[in-house]
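The values are calculated or read from the model by the stated rules, or taken from the named source; none is laboratory data. Please read these numbers as outputs of a predicted model, since none were measured by experiment. No Cβ is skipped: glycine too gets one built from the backbone with ideal geometry, and neighbour counts run over all protein chains shown.
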Amino acid sequence: MEVLHRRNWHPTAEEVHGLVRQRAPGISLGTVYRNLDILARGGFIQAIEGAGLQRRYDGNPVPHFHFQCKRCGEMHDMEPRENWMPPPLKDCPGFRITGFRLLFEGYCPKCAPLSGDDRTRE
Ligand SMILES: [Zn+2]
Ligand SMILES: [Zn+2]
């Protein structure tokens with residue numbers, strides 16, 4: 001929990017393992033995975049996953065949105081805006097929607113200047 005409590009940081013299990021190992025040298029990656037999953041299932045942290053994405057963890061359990069850079073892979077928090085809404089329930093008959101996740105993609109401020117031609121293609 002302590003390792004994850006850095007703002008705007010969304011590490012993979014491997015990255016968490018690297019930091020935890022500095023304090024608990026014997027700890028295995030499997031143990032870190034298991035504990036991250038327990039914390040995520042308990043709602044203490046968030047697991048962020050999507051098709052083709054390596055699962056990342058977020059020490060902030062409050063729902064919020066993310067942006068992932070297509071070039072460096074870094075993930076950033078995005079502040080929710082009023083017009084970012086879940087699908088209206090009436091459009092999804094039979095489904096019980098309990099929340100939604102939104103992952104923006106594109107280029108972070110660091111990478112945007114290096115991705116000029118990609119912008120015109122999209
Ligand atoms: Zn980037
Ligand atoms: Zn986040």
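Select from segment 10-23 the residues that are within 21 Å of residue 42 (Cβ to Cβ) and in contact with a helix residue (DSSP H, G or I) (Cβ under 9 Å, 6 or more places away or on another chain) and write down the one among them that is nearest to ligand 2 (Cβ to nearest atom).
By that ranking, first place goes to 11.
Would you be able to tell me the number of residues in segment 59-74 that are more than 13 Å from ligand 2 (Cβ to nearest atom) and either among the polar types (S, T, N, Q) or surrounded by fewer than 16 Cβ atoms within 10 Å (Cβ to Cβ) (or both)?
4
Residue 28 passes all but one of (1) in contact with a Gly (Cβ under 9 Å, 6 or more places away or on another chain); (2) more than 15 Å from ligand 2 (Cβ to nearest atom); (3) among the polar types (S, T, N, Q); which number fails?
That leaves (1) as the condition not met.
Out of the residues in segment 5-26 that are among the hydrophobic types (A, V, I, L, M, F, W, C) and surrounded by 14 or more Cβ atoms within 10 Å (Cβ to Cβ), which is nearest to residue 78 (Cα to Cα)?
The extreme case among them is 9.
If I filter segment 73-108 down to residues being at pLDDT 90 or above and not in a strand (DSSP E or B), which single residue comes out as nearest to ligand 1 (Cβ to nearest atom)?
108
Those residues that are in a loop (DSSP other than H, G, I, E, B) and either surrounded by 18 or more Cβ atoms within 10 Å (Cβ to Cβ) or out of contact with any Ser or Thr (no Cβ under 9 Å at 6 or more places or on another chain) (or both), I need them from segment 37-58; list them, please.
42, 43, 44, 45, 49, 50, 51, 52, 53
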